[in-house]
Amino acid sequence: MTEPREPLIPCDQAVRQLWAYVEASVPPVDHAKITEHLAICQRCCGELEFVKHLRGLLAAQTTDEVPPELIRQLNQFVEEL
Amino acid sequence: MSGTPARRTPRTKDAFQALARAQLPRLLALARRLTRDEAEDLVQEALLRGYLAYPELEADQAGGRWLQVILVNVYRDRERKRARSAEELPVADADNFSLYRTIVEEDPFPYSDTVHLDFLHSFTKEDVRQVLLRLPEIYRMPLVLCHMEGFATKEVARLCQAPLGTVLARLHRGRKAFEREMWTYAEEMGLLKEHRRTP
Ligand SMILES: [Zn+2]
């Protein structure tokens, strides 16, 4: 006894929502469809891993590239407030 | 912050200066992602506004975020005054680019098993900043605030003074535009050459 199933969503549709999927901000229905797609689609799993790394890259941008000379000038500005 | 009682030290000039000094690197980094040429100026104006509004700051712990929000507001007001027409990218163009697939197809590091990671690792922090600065302003701001500074999308909508749906759409297109610019930048700057990688 199998329920009539909706066809899998296409890759493009899955990929479009992967960022939101990673952030768990897609509606539950869509979330389930993407999970189902990922279970059988290796390429989209690759995309998913890549999205995670890309998010990590953005989140890891710390402050250490700030030019010290600018910081010095701004500290001076703060002293003179 | 739950569980931490809100501290409120007297709102003196000394206290503001201490807060400002501690937050300077972070504020400057944020400003440098939002604007190419006016970062220092932006930080100065934010500090002046912050100093004037300092008595209104509720809890000490919120000081860093509070200054960031002031800086974003200064930036938004300036952009608005310039009445720079915000250009939306054509939808199809923005939506259909996949950096992941482009890397697979172009295979820039043919001897590598981790070609996608190699690609990302070839970007220094300065490279990432340069890519961001190439994006249209309406996409850059949500991207920077959400994915780099950790603002919630609702907060970003409030800061951009735009509906949440609009901000979500811009975030989506901004991410796609960012992916595409990463590829273009890598090609232009020669990041895709094998010898640039660490041996
Ligand atoms: Zn797929």
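What lysines could a cross-link reach from B:Lys154, if we take a straight Cα to Cα line under 23 Å and drop same-chain neighbours fewer than 8 places away?
Of all the lysines, those that pass the test against B:Lys154 - Cα under 23 Å, at least 8 places apart if same chain - are A:Lys52, B:Lys176.
Check each residue of segment B:113-160 and keep those whose accessible area, probe 1.4 Å, is at least 50 Å² smaller with all protein chains in place than in the chain alone; give them in order of residue number.
So the qualifying set is B:Leu120, B:Lys125, B:His147, B:Met148.
Where does helix A:42-59 land angle-wise versus the long Cα axis of chain A, in degrees 0 to 90, nearest 10?
The angle comes out near 20 degrees.
Counting heavy atoms of the protein chains only and a 1.4 Å probe, report the per residue accessible area for segment B:94-195 as a whole number of Å².
Accessible area per residue: 42 Å².
Springs between alpha-carbon pairs under 10 angstrom, Gaussian network model over chain B: which of B:Leu145, B:Leu52, B:Leu132 fluctuates most?
So, out of B:Leu145, B:Leu52, B:Leu132, the one fluctuating most is B:Leu52.
Give me the one-decimal Kirkwood hydrodynamic radius in Å for chain B, with the sum taken over alpha-carbon pairs.
Computed over chain B, the radius equals 18.9 Å.
May I ask for the Rg/Rh ratio of segment B:13-82, computed from Cα atoms with Rh as the Kirkwood radius, given to two decimals?
On the way: Rg = 11.6 Å, Rh = 12.1 Å.
Radius of gyration relative to Kirkwood radius: 0.96.
How many percent of the accessible area of segment B:94-195 is carbon or sulfur, using a 1.4 Å probe?
The value for segment B:94-195 is 50 percent carbon and sulfur by accessible area.
If exposed means no more than 16 neighbouring beta carbons inside 10 Å and the site is in a DSSP loop, what's the longest run of chain B without any exposed GluC sites (Glu not before Pro)?
Result for the longest clean stretch: B:89-199.
At q = 0.17, 0.26 Å⁻¹, what is the base-10 log of I(q)/I(0) for segment B:108-164 according to the Debye formula with one equal point scatterer per Cα and no solvent? Please give it to two decimals.
Values, matching the q order: -0.68, -1.00.
Taking the Cβ-Cβ separation of A:Asp30 and A:Thr63 as r and a Förster radius of 45 Å, what is the calculated FRET efficiency to the nearest 0.05?
That gives a FRET efficiency of 0.80.
Using Cα springs under 10 Å in a Gaussian network model of chain A, which residue among A:Val66, A:Val51, A:Val29 shows the largest mean-square fluctuation?
Of A:Val66, A:Val51, A:Val29, the most mobile in the Gaussian network model is A:Val66.
Provide the buried accessible surface between chains A and B in square angstrom, both chains summed, 1.4 Å probe, rounded to the nearest 100.
Buried surface at the A/B interface: approximately 3600 Å².
Counting pairs of Cα atoms in the protein assembly as shown, how many percent are more than 22 Å apart? Could you put the intermediate results ahead of the total?
Working: 24761 of 39060 pairs.
Result for the distance tail: 63 percent.
In chain B, which whole DSSP H runs stretch at least 20 Å along their own axis (Cα) and average 0.0 or higher on the Kyte-Doolittle scale?
Qualifying helices: B:13-34, B:39-53.
Counting only protein heavy atoms and using a 1.4 Å probe, what share of the accessible area of chain A belongs to carbon plus sulfur, as a whole percent?
Ligands and nucleic acids excluded, carbon and sulfur give 57 percent.
Indicate the gyration tensor shape class of chain A (rounded, prolate or oblate), computed on the Cα atoms with a ≥ b ≥ c the square roots of the eigenvalues: a/c under 1.5 is rounded; otherwise a/b larger than b/c is prolate and the rest oblate.
prolate
The values are calculated or read from the model by the stated rules, or taken from the named source; none is laboratory data. Note that the structure is a prediction, hence the values are computed from the model and not measured. As a convention, Cβ positions derive from the backbone with ideal geometry for all residues, glycine included, and neighbour counts pool all protein chains shown. Just so you know, the surface numbers come from the protein's heavy atoms only, side chains and all, with ligands and any DNA or RNA stripped out. Shrake-Rupley method; radii C 1.70, N 1.55, O 1.52, S 1.80 Å.
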